[in-house]
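S.K.: After the structure tokens below, expect a handful of questions from me.
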Amino acid sequence: MSLPYATYTGPKSSHDFKVDPCDPRYQNTEGRTTGASDYVLNQGHQDTDKPSDPKKADGADCLDGQTGTQQYTRLSQLRMQLVGIQDDINEYLTEKINHVKKPCNKKQEQEIKDLLDGSEEA
């Protein structure tokens with residue numbers, strides 16, 4: 001099974017996102033950048049949209065001694081990998097936005113808008 005990947009492309013540069021199936025960030029369905037915010041959770045609200053745990057493969061799909069993500073169904077492996085790559089993209093874009101922070105003038109304001117629209121990279 002091939003691994004998912006993504007590419008963010010802007011007029012000035014691009015950035016590739018690739019899954020490393022051995023990295024723990026690609027081995028669960030609970031993303032670091034998704035779900036209810038800490039602020040909402042601290043107010044006493046519960047995350048009712050929390051994703052389900054990955055499904056383990058049954059004996060027919062799993063060889064003896066398999067460890068890591070191979071012990072999960074292929075669909076669960078894909079879900080875990082996509083959550084990890086979504087975190088990568090969210091963190092990358094957040095870093096880009098924080099780099100620009102607050103606009104000092106109309107040009108910077110437009111750069112932020114373009115970045116958020118995916119048409120410009122700061």
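S.K.: For the residues Thr94, Thr48, what sequence is obtained by ranking on other C-beta atoms within 10 Å, fewest first?
M.R.: In order of increasing Cβ crowding within 10 Å: Thr48, Thr94.
S.K.: Among Met1, Met80, which comes first, then next, by fewest other beta-carbon atoms within 10 Å?
M.R.: Placing the least packed residue first, the sequence is Met1, Met80.
S.K.: With no solvent and one point per C-alpha, what does the Debye sum give as log10 I(q)/I(0) for segment 5-93 at q = 0.14, 0.15, 0.20 Å⁻¹?
M.R.: Those come out to -0.62, -0.69, -0.96, one per q.
S.K.: Right, another one. What pairs in Lys12/Lys55; Lys18/Lys50; Lys55/Lys113; Lys18/Lys55; Lys50/Lys106 have C-alpha atoms more than 32 Å from each other?
M.R.: Lys12/Lys55; Lys55/Lys113; Lys50/Lys106
S.K.: Given Pro21, Ser76, Tyr92, which one lies farthest toward the positive end of the charge dipole of segment 5-93, if we put +1 on the Cβ of every Lys and Arg and -1 on the Cβ of every Asp and Glu?
M.R.: Tyr92
S.K.: Evaluate E = 1/(1 + (r/R0)^6) for Asn98 and Thr73, where r is the Cβ-Cβ distance and R0 equals 30 Å; express this FRET efficiency to the nearest 0.05.
M.R.: Calculated value: 0.20.
S.K.: Sticking with this structure for a sec: Would you order Glu111, Glu95, Glu30 from fewest to most other beta-carbon atoms within 10 Å of each residue's own beta-carbon?
M.R.: So the residues, fewest neighbours to most, are Glu95, Glu30, Glu111.
S.K.: Would you mind computing, in nm to one decimal, how far apart the modelled labels at Asp47 and Asn105 are, each placed 7 Å from Cα along Cα→Cβ?
M.R.: 4.2
S.K.: Report the calculated FRET efficiency for Ser13 and Thr34 (r = Cβ-Cβ distance, R0 = 35 Å), to the nearest 0.05.
M.R.: 0.85
S.K.: So, one more: Let me have the relative contact order for segment 5-93, percent, based on Cα pairs under 8 Å that are six or more residues apart.
M.R.: 37
Read the figures in this text as sums done on the coordinates, not as results from a lab. This structure is a prediction, so every number in the text was calculated from the model and none was measured. Using ideal geometry, Cβ is built from the backbone for each residue, glycine included, and neighbour counts are taken over all protein chains shown.
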